[in-house]
1. Quick check: is even one residue across the stretch 46-53 within 22 Å of Arg103 (Cβ to Cβ), out of contact with any strand residue (DSSP E or B) (no Cβ under 8 Å at 6 or more places or on another chain), at pLDDT below 95 and assigned to a strand (DSSP E or B)?
2. Out of the stretch 74-111, which residues are closer than 23 Å to Asp18 by Cβ and acidic (Asp, Glu)?
3. Can you tell me which of (1) at pLDDT below 95; (2) within 13 Å of Leu82 (Cα to Cα) is the one Arg60 doesn't meet?
4. Quick check on the stretch 91-105: of everything there that is at pLDDT 95 or above and either more than 18 Å from Ala48 (Cβ to Cβ) or not in a strand (DSSP E or B) (or both), which residue is farthest from the chain's Cα centre (by Cα)?
5. Please work out which one of (1) of a type outside the set (A, V, I, L, M, F, W, C); (2) over 12 Å from the mean Cα position of the chain (by Cα); (3) within 14 Å of Arg3 (Cα to Cα) is the condition Arg81 fails and give its number.
6. Give the stretch 78-88 a look and list any residue that's more than 16 Å from Ser44 (Cα to Cα) and surrounded by 15 or more Cβ atoms within 10 Å (Cβ to Cβ), or say none.
Amino acid sequence: MLRVHTADGLTTSFDLGDERQAAEWIERLKDPRFQASIRGLTLSDQGALYSMSGPSGFRRVSFLGERVEAEPERRIKGGERLTCFADDVRICLMVHREQKAIRVSLSKIGNQRFNPALEG
């Protein structure tokens, strides 16, 4: 379950495993005003909460939350991932479905020219 925390103090939930709710989430991400209002994301999994708050000191910040399907042939176990793009940096938090583990990665990506939420 994805929880989206916005500047107006509200929290909205999306079940990324439900096609309709996942599509609604992606549609909401296409609105730049909504994207700018996001202050953090939280994933809930097996009774635990994993949160990513918005970073400070960056000009451009955008968020993405997505379900990652398992691909055994590529050794991808699946789960849910939170991503924050902040200027030329990307941080990802992956909550694995098959094991009690998370992975955090931080990358310097350069200037972002492609926004997956706007492609379709």
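1. yes
2. Glu80, Glu98
3. (2)
4. Ser105
5. The one condition Arg81 does not meet is (2).
6. Those that are more than 16 Å from Ser44 (Cα to Cα) and surrounded by 15 or more Cβ atoms within 10 Å (Cβ to Cβ): Cys84, Phe85, Ala86, Asp87.
The values are calculated or read from the model by the stated rules, or taken from the named source; none is laboratory data. Since this is a predicted model, take the numbers as computed values, not measurements. Cβ coordinates were reconstructed from backbone atoms using ideal geometry, including for glycine residues, and neighbour counts include every protein chain displayed.
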